[in-house]
Amino acid sequence: MPGSPTARHHQATYGKDVSYFDFQAPFDEGAATVDFAQWAQFFARTGARYVVMVTRHLDGYPLWPTAVANPHMPAGYRSTRDLVGDLTKAVRARGLRMGLYYAGGLDWTFTDRPIRTMADFMRQQALGPEYARYAAAQWAELIDTYQPSVLWNDVGWPAESNPHDLFAHYYDTVADGVVNDRWTQVRLPPNRLVRGVYLRFISLSLKALARAGRPLPTKPPSFHYDVQTHEYATPDPAPTRLWELCRGLGRSFGYNAQETAADTLTGTQLIHLLADVVAHGGNLLINVGPDSAGRVPELQQRPLRELGAWLDVNGEAIYATRPWTPAATTTASGHQVRFTQREGVVYAIVLSDDVTDALTIRDLTLPPGSRIGLLGGVADLAWTQTAGDVRVTPPQRLAGQQAHVLTITTT
């Protein structure tokens, strides 16, 4: 968009005569030497159990050797290397599941209209039957070629294509596959005047809600899905069915050279976020944005390494657990506590890196004979029930970890 911050940055950094398409050659050159085995090794060390790769985003540039022709782009408008295939092989070699992301609702190679308003966004989700055939064919190609464990669609789906046909093909191909919920279809009124009034009304209504500080209206999708996807904040109340929280380590999805440590989660914040999400029944999907050389920046690696080290000790309280009631409470000194459970054990995750000698968990009542231990430490700790609180006495001051996990076993 002329005059936008992006346009000004582009002109100042690369020059006004450099087009977006001129980035293809240096991108492919950098991608040719990326060691995906190192990526997969790093992902595994963070404690991840599955990986989801962006196969095509809004710029319409496929990261695999697609055979589906884009009617608006030359045949070579795709990555030279099969990035999707190579990362998929490396991730599965580490024993992790591999999912694929596809921006099904929008593709800027099918339109030259910019997005300035919510009405513009909705209009771009109605690119017509030509795009609907193209997107469905690419998703089918990804399913047939790579058999992803997660079908992670984004920004909606063309109204001219029935997503359930794609789902049926997917489940026939990947019996234990999972489909997310971002398949909303926008159907605009056929009359141009009515459509314009409708979009204008929607845009003004959403702006009024935003000014009033009220949440934007949402409604359950009218199609099948396995897992709800949310961004950046744990939903309140937490969903009652399977859900996932996705976010960047910073404020961007992808690499942003201008982000600093002030914009990025610390290891402690990431661990506390994971505990909060899991205690409320969700999974956590963290975005990793490699730089132009295909390296995961140290700014992003640091918190993920801390998360992996914490999970090495405390993963029992995270993996294969279920929510417990209540999901959250506090200590008498104000530390947040999150609960999970599995196989007769309740885990109380104290979200603090420094716990004093006495730890009082509020609003917790345990039956006599219950045992409390420290995960990775002393198996039996002294405790007493005082009214509706439980007072636990650790053998020493708890420090050195971003969060400490108590195991509670009732008889």
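The values are calculated or read from the model by the stated rules, or taken from the named source; none is laboratory data. These numbers were taken from a predicted model, which means no experiment stands behind them. Glycine gets a Cβ as well: all are built from the backbone with ideal geometry, and neighbour counts include every protein chain shown. What goes into the accessible areas is simple: the full protein's heavy atoms, side chains included, and nothing from ligands, DNA or RNA. Shrake-Rupley method; radii C 1.70, N 1.55, O 1.52, S 1.80 Å.
Just one of the numbered conditions (1) touching a residue at least 24 places away in the same chain (Cβ under 8 Å); (2) open to solvent by 20 Å² or more (accessible area, probe 1.4 Å); (3) touching a Pro at 6+ places or on another chain (Cβ under 9 Å) is not true of Arg116: (3).
Every listed requirement among (1) open to solvent by less than 40 Å² (accessible area, probe 1.4 Å); (2) among the charged types (D, E, K, R); (3) under 22 Å from Leu364 (Cβ atoms) is met by Glu259 save one, (3).
Can you find, within the stretch 72-103, the residue that is surrounded by the fewest Cβ atoms within 10 Å (Cβ to Cβ) among those that are small (Gly, Ala, Ser) and at pLDDT 95 or above? If we take residues in the stretch 72-103 being small (Gly, Ala, Ser) and at pLDDT 95 or above, then Gly95 is surrounded by the fewest Cβ atoms within 10 Å (Cβ to Cβ).
Of the residues making up the stretch 310-345, those that are in contact (Cβ under 8 Å) with a residue 40 or more places away in the chain, under 10 Å from Val405 (Cα atoms) and hydrophobic (A, V, I, L, M, F, W, C) are Val313, Ala317, Phe339. Restricting the stretch 17-64 to residues that are open to solvent by 60 Å² or more (accessible area, probe 1.4 Å) and in a loop (DSSP other than H, G, I, E, B), the residue that is farthest from Leu142 (Cα to Cα) is Asp17.
Candidates are the residues of the stretch 111-155 that are over 20 Å from Val174 (Cα atoms) and hydroxyl-bearing (Ser, Thr, Tyr); the one that is modelled with the lowest pLDDT is Thr117. Can you confirm whether the stretch 387-398 contains a residue that is out of contact with any Leu (no Cβ under 8 Å at 6 or more places or on another chain), farther than 16 Å from Ser352 by Cβ and either at pLDDT 90 or above or open to solvent by less than 40 Å² (accessible area, probe 1.4 Å) (or both)? There is no residue in the stretch 387-398 that is out of contact with any Leu (no Cβ under 8 Å at 6 or more places or on another chain), farther than 16 Å from Ser352 by Cβ and either at pLDDT 90 or above or open to solvent by less than 40 Å² (accessible area, probe 1.4 Å) (or both). Condition first: polar (S, T, N, Q) and open to solvent by 40 Å² or more (accessible area, probe 1.4 Å). Now tell me which residues in the stretch 262-286 satisfy that. Matches in the stretch 262-286: Thr266, Thr268, Gln269, Asn283.
Annotation: of all residues in the stretch 229-247 being buried (at least 16 other Cβ atoms within 10 Å of the Cβ) and of a type in the set (A, V, I, L, M), the one that is nearest to Val52 (Cα to Cα) is Leu245. Which residues, counting only those in the stretch 304-346, are among the aromatic types (Phe, Trp, Tyr), farther than 25 Å from Phe43 by Cα and either open to solvent by less than 10 Å² (accessible area, probe 1.4 Å) or in contact with a His (Cβ under 6 Å, 6 or more places away or on another chain) (or both)? Result: Phe339, single match. Yes or no: Tyr101 under 19 Å from Tyr61 (Cβ atoms) and in a strand (DSSP E or B)? Yes: the conditions hold for Tyr101. Of all residues in the stretch 142-164, count the ones that are open to solvent by less than 20 Å² (accessible area, probe 1.4 Å), farther than 17 Å from Asp176 by Cα and touching a residue at least 60 places away in the same chain (Cβ under 8 Å). Going through the stretch 142-164 one residue at a time, the tally reaches 1. When the stretch 351-369 is limited to residues that are modelled with pLDDT of 90 or more and among the polar types (S, T, N, Q), the one that is surrounded by the fewest Cβ atoms within 10 Å (Cβ to Cβ) turns out to be Thr365. Elements of the type strands (runs of 3 or more DSSP E) sitting completely within the stretch 333-406 and holding at least 3 residues that are over 27 Å from Gly282 (Cα atoms): these cover 382-386, 389-393. Taking (1) under 25 Å from Asp22 (Cβ atoms); (2) open to solvent by 50 Å² or more (accessible area, probe 1.4 Å); (3) in contact with a Phe, Trp or Tyr (Cβ under 7 Å, 6 or more places away or on another chain) in turn, Phe110 satisfies each apart from (2). Filtered by the rule that a residue be free of Cβ contacts under 8 Å to residues at least 60 places away in the same chain and among the acidic types (Asp, Glu), the stretch 223-262 gives Asp226, Glu231, Asp236, Glu259.
Taking first residues from the stretch 165-188 that are among the hydroxyl-bearing types (Ser, Thr, Tyr) and partners that are assigned to a helix (DSSP H, G or I), the Cβ contacts under 7 Å between residues at least 6 apart in sequence or on separate chains come to Tyr170/Ile143; Thr173/Ile143; Thr173/Asp144.
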